[in-house]
Amino acid sequence: MASIQYRKLFDMIARRGYKKTDLREEVGLSTVTIAKLSKGESVTTDTILRICERFDVQPGDIMEYVPDRD
């Protein structure tokens, strides 16, 4: 099954010297949402919007579509 992955987000925050805890606190995300992002699970568009606003990035800068490998 195809998915949306957030490796770009975690690479970006690492380059900026942030940890997942910092991301949670800076953006106001729950630990459940951070876990969903880490696992590539579905999150709300509001979550994506808040991350983009905080870090001044576009959605494509923090997530990517990964097609099914059939």
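Taken together, the values in this text are just the output of simple stated rules run on the coordinates, not laboratory data. All values reported here derive from a predicted model rather than from experimental measurement. All Cβ positions, glycine included, derive from the backbone under ideal geometry; neighbour counts span all protein chains shown.
Lys and Arg at +1, Asp and Glu at -1: add these up for the other residues within a Cβ distance under 10 Å of Glu64 and post the number. All intermediate terms of the calculation are to be shown ahead of the outcome.
On the way: positive: Arg7, Lys8; negative: Asp61.
Taking every Cβ under 10 Å from that of Glu64, the sum is +1.
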If one builds a Gaussian network model of the chain from Cα atoms under 10 Å apart, the most fluctuating residue listed among Leu23, Leu37, Leu49 is Leu49
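Please order Val32, Val27 by the number of other Cβ within 10 Å, starting at the fewest. Intermediate values should be presented prior to the final figure.
Working: Val32 10, Val27 16.
Listed from fewest to most nearby Cβ atoms, that is Val32, Val27.
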Local electrostatic count, Leu9, Cβ distance below 14 Å [Lys/Arg +1, Asp/Glu -1]: +3
What share of Cα pairs, in percent, lie more than 13 angstrom apart in the chain? 63
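Using a 10 Å cut-off around each Cβ, can you sort Ile51, Ile62 from fewest to most neighbouring Cβ atoms? It would help to have the intermediate numbers written out before the result.
Details: Ile51 25, Ile62 20.
With the fewest neighbours first, Ile51, Ile62 line up as Ile62, Ile51.
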Determine the gain in length on full extension of the stretch Glu41-Thr21; use 0.36 nm per residue of separation and subtract their C-alpha separation, reporting nm with one decimal. 5.4 nm
If you fit an axis through the alpha-carbon atoms of helix 45-55 and take the longest principal axis of the Cα set of the chain, what angle between them do you get, 0 to 90°, nearest 10? 50
